[in-house]
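Here is the structure we will look at, set down as structure tokens.
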Amino acid sequence: MLKSPIADLYRQSIKNKNKIFIVDEKIKVSYFNFHSQVLSVASFLKSIGINKGDRVGVLMPKSYYQVLSQLGIMASGAVMVPISDLLKKSQVQHIIDDCQVSLVITIEEKIDTLGPNLKILKLDSNDDNNLKGIINKKFTGVMPKINSNDNAAIIYTSGSTGMPKGIILSHFNLWNGANIVSNYLSLQEDDRVAQVLSLNFDYGLNQIFCTIHMGTQVYLTKFHFPKDIFDFIRLNKITNLALMPIFLNRLFDPNFFKPSFTDGIDSLRRITTSGGRLSKQIIDIINSVFPNTDLYLMYGLTESFRSTYLSPDKVETHFNSIGKPIPSVEISVLDENGNECKPNEQGELVHRGGVIAKGYWNKPLKTKERFKVLKDSLGNPETVVFSGDIVRRDLDGYLYFIGRKDNMIKTSGHRVSPEEVERAVEKINNIDHAVVFSIENDILGEEIVLACVKKNHQNKPSVSDIKIFLRKTLAPYMVPNK
């Protein structure tokens with residue numbers, strides 16, 4: 001039996017035929033109609049020569065059409081490659097070249113970030129071949145058979161040695177992540193999910209797949225001002241809110257937050273967060289204004305999606321902990337010799353069990369470094385993920401994040417390679433050498449800091465000039481603050 005979000009969508013199109021699946025401002029689409037439009041996109045891709053296993057990029061801001069494109073690609077048997085609209089031209093081109101993207105579904109405003117000789121499907125265009133026109137047509141043709149272990153998506157994340165690398169996820173990876181998370185969050189069919197997160201990374205995508213898995217409803221929105229989010233929750237009777245820590249910190253910033261912002265909000269069942277720590281002050285504010293709302297603190301990495309979570313009943317007493325393993329997952333803490341560490345000894349977090357990715361695209365050596373084969377309790381070989389994160393486990397089994405083995409920086413929920421930033425800085429005229437590092441920041445998690453050396457007898461560019469150059473070259477979250 002196929003285990004894929006595509007199979008879940010087909011099931012929901014029958015079970016919840018007329019139920020609204022997705023709401024994006026004035027757009028409201030039922031499960032049945034969404035499934036039909038996904039098949040139209042998939043059939044069109046097949047008709048223009050996109051074959052099973054081909055990589056197809058999606059480059060556009062978060063919208064109903066982004067979700068539709070991503071699911072349509074997966075349904076066609078092709079591999080969906082999310083490309084963040086925050087990335088600059090060189091970064092976009094790296095992804096396209098690295099995984100040999102066959103076609104990109106995009107919007108007019110992003111065309112100039114794409115190279116020549118690339119097939120493009122626009123959201124809107126003057127000809128018949130545009131996404132909005134395609135979804136209203138029914139294409140015929142036999143779709144390729146999808147298997148659970150087939151490649152479904154390649155998600156790019158910063159690597160420790162420079163340019164981002166693609167993480168290969170199967171249909172089963174995406175289905176299993178949705179199944180596990182839906183269960184431990186106790187999602188129900190009458191839930192209403194606020195989709196504030198980006199759809200270019202695993203956390204945001206999982207929300208879409210959880211919604212489909214459980215037959216719930218998802219409401220798309222963007223984070224502008226804190227009060228807007230509270231108004232959005234109130235207006236749409238949202239029950240599930242997922243935000244990166246940086247946004248929760250802004251939402252409940254004690255310098256600006258007023259309890260009156262939450263007046264009339266009685267629908268919120270749970271708040272989830274992953275990608276960094278929440279301060280005790282923010283946790284206390286959340287629990288104070290939403291005493292009947294469960295707060296889930298979660299930890300994971302794209303290579304294994306989600307590894308641990310802290311249950312709501314332990315947040316008050318273990319707020320510094322990343323919790324215990326999620327269902328179907330076993331976590332080991334290993335020393336440099338591969339032996340299990342004693343309680344409170346520091347070691348590398350090693351993930352075994354569910355939701356392990358298939359490896360890095362076209363990088364066999366990097367895959368072997370991170371995805372290693374160990375023997376399970378019965379002596380059978382098993383692929384596990386060495387996270388690169390240093391943790392300790394206390395006597396009660398709770399895990400605590402200490403730091404990284406490599407020099408990766410985790411800021412605003414994103415992994416940033418110092419080397420990638422350094423390479424960009426060293427392209428600036430009169431800069432001879434650059435060093436990028438981080439310092440702790442209560443809001444960002446880690447704050448990126450740049451130190452650079454000018455060339456002999458040359459005038460060093462001003463801080464303003466450096467930032468202007470980097471904003472044109474790097475995604476906003478990669479630009480050093482100091």
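Going through the stretch 31-77 one residue at a time, which ones are among the basic types (Lys, Arg) and closer than 15 Å to Val104 by Cα?
Scanning the stretch 31-77 gives Lys46, Arg55.
When only residues in the stretch 98-122 that are open to solvent by 40 Å² or more (accessible area, probe 1.4 Å) and assigned to a strand (DSSP E or B) count, which is farthest from Ile50 (Cα to Cα)?
Ranking the candidates gives Lys122 first.
Based on what the data block shows, is Leu334 more than 19 Å from Leu241 (Cα to Cα), more than 20 Å from the chain's Cα centre (by Cα) and not aromatic (Phe, Trp, Tyr)?
yes
I need a count of the residues in the stretch 235-279 that are within 20 Å of the chain's Cα centre (by Cα) and either of a type in the set (Val, Ile, Thr) or part of a strand (DSSP E or B) (or both).
Here the count works out to 9.
Yes or no, residue by residue, for (1) surrounded by 15 or more Cβ atoms within 10 Å (Cβ to Cβ); (2) aromatic (Phe, Trp, Tyr); (3) modelled with pLDDT under 90:
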{"site": "Asp124", "(1), (2), (3)": "no, no, yes"}
{"site": "Ile135", "(1), (2), (3)": "yes, no, yes"}
{"site": "Ala153", "(1), (2), (3)": "yes, no, no"}
{"site": "Ile167", "(1), (2), (3)": "yes, no, no"}
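Listed here are the residues, each with its yes/no results for (1) hydroxyl-bearing (Ser, Thr, Tyr); (2) over 19 Å from Tyr64 (Cα atoms); (3) surrounded by 15 or more Cβ atoms within 10 Å (Cβ to Cβ).
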position	(1), (2), (3)
Gly215	no, no, yes
Val218	no, no, yes
Phe225	no, yes, no
Arg234	no, yes, yes
Thr239	yes, yes, yes
Ala242	no, no, yes
Phe247	no, yes, yes
Phe256	no, yes, no
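Determine whether Leu199 is closer than 26 Å to Ser148 by Cα and in a helix (DSSP H, G or I).
For Leu199, the condition - closer than 26 Å to Ser148 by Cα and in a helix (DSSP H, G or I) - is not met.
When the residues of the stretch 396-412 are filtered to those that are closer than 13 Å to Leu301 by Cβ and in contact (Cβ under 8 Å) with a residue 24 or more places away in the chain, which remaining residue is least open to solvent (accessible area, probe 1.4 Å)?
Across the stretch 396-412, the extreme among qualifying residues is Met408.
Every residue, every condition in (1) closer than 15 Å to Glu303 by Cα; (2) among the small types (Gly, Ala, Ser); (3) open to solvent by 80 Å² or more (accessible area, probe 1.4 Å); (4) out of contact with any Ser or Thr (no Cβ under 9 Å at 6 or more places or on another chain), yes or no:
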{"position": "Lys314", "(1), (2), (3), (4)": "no, no, no, no"}
{"position": "Ser321", "(1), (2), (3), (4)": "no, yes, no, no"}
{"position": "Pro325", "(1), (2), (3), (4)": "no, no, no, no"}
{"position": "Lys342", "(1), (2), (3), (4)": "no, no, yes, yes"}
{"position": "Gly347", "(1), (2), (3), (4)": "no, yes, no, no"}
{"position": "Gly354", "(1), (2), (3), (4)": "yes, yes, no, no"}
{"position": "Arg370", "(1), (2), (3), (4)": "yes, no, no, no"}
{"position": "Asp376", "(1), (2), (3), (4)": "no, no, no, yes"}
{"position": "Val385", "(1), (2), (3), (4)": "yes, no, no, no"}
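From the residues in the stretch 80-93 that are open to solvent by less than 40 Å² (accessible area, probe 1.4 Å) and not aliphatic (A, V, I, L, M), which one is nearest to Lys145 (Cα to Cα)?
Within the stretch 80-93, the match that is nearest to Lys145 (Cα to Cα) is Pro82.
Scan the stretch 288-310 for residues that are hydrophobic (A, V, I, L, M, F, W, C), touching a strand residue (DSSP E or B) at 6+ places or on another chain (Cβ under 6 Å) and surrounded by 24 or more Cβ atoms within 10 Å (Cβ to Cβ) and report the count.
The qualifying residues number 1.
Filter the stretch 207-234 for residues that are part of a helix (DSSP H, G or I) and closer than 21 Å to Leu187 by Cβ and give the result. It would help to see each step written out before you state the result.
Of the stretch 207-234, the ones part of a helix (DSSP H, G or I) are 207-214, 226-234.
Passing the criteria: Gln207, Ile208, Phe209, Cys210, Thr211, Ile212, His213, Met214, Ile229, Phe232, Ile233, Arg234.
Quick check, is Asp432 open to solvent by 40 Å² or more (accessible area, probe 1.4 Å) and modelled with pLDDT under 75? Full working, then the answer.
Values: open to solvent by 40 Å² or more (accessible area, probe 1.4 Å): yes; modelled with pLDDT under 75: yes.
In short, yes.
Would you be able to tell me the number of residues in the stretch 311-362 that are farther than 30 Å from Gly53 by Cβ, in contact with an Asp or Glu (Cβ under 8 Å, 6 or more places away or on another chain) and β-branched (Val, Ile, Thr)?
1
What number goes with the only condition from (1) of a type outside the set (Phe, Trp, Tyr); (2) in contact with a Leu (Cβ under 8 Å, 6 or more places away or on another chain); (3) open to solvent by less than 90 Å² (accessible area, probe 1.4 Å) that Pro381 does not pass?
(3)
Would you be able to tell me the number of residues in the stretch 182-196 that are in a loop (DSSP other than H, G, I, E, B) and within 23 Å of Ala7 (Cα to Cα)?
7
Report yes if some residue within the stretch 455-463 is at pLDDT 75 or above, hydrophobic (A, V, I, L, M, F, W, C) and crowded, with 17+ Cβ neighbours inside 10 Å; otherwise report no.
no
Need a quick list: helices (runs of 4 or more DSSP H) entirely within the stretch 1-79 having at least 3 residues that are at pLDDT 95 or above and either acidic (Asp, Glu) or surrounded by fewer than 18 Cβ atoms within 10 Å (Cβ to Cβ) (or both).
Output list reads 5-15.
Only one of (1) modelled with pLDDT of 80 or more; (2) among the charged types (D, E, K, R); (3) open to solvent by 80 Å² or more (accessible area, probe 1.4 Å) is not met by Arg393, so which one is it?
It fails just one condition, (3).
The values are calculated or read from the model by the stated rules, or taken from the named source; none is laboratory data. Quick caveat: nothing in here was measured; it's all calculated off a predicted structure. Using ideal geometry, Cβ is built from the backbone for each residue, glycine included, and neighbour counts are taken over all protein chains shown. Note: accessible area is taken over every heavy atom of the protein model, side chains too, but ligands, DNA and RNA are not part of it. Shrake-Rupley method; radii C 1.70, N 1.55, O 1.52, S 1.80 Å.
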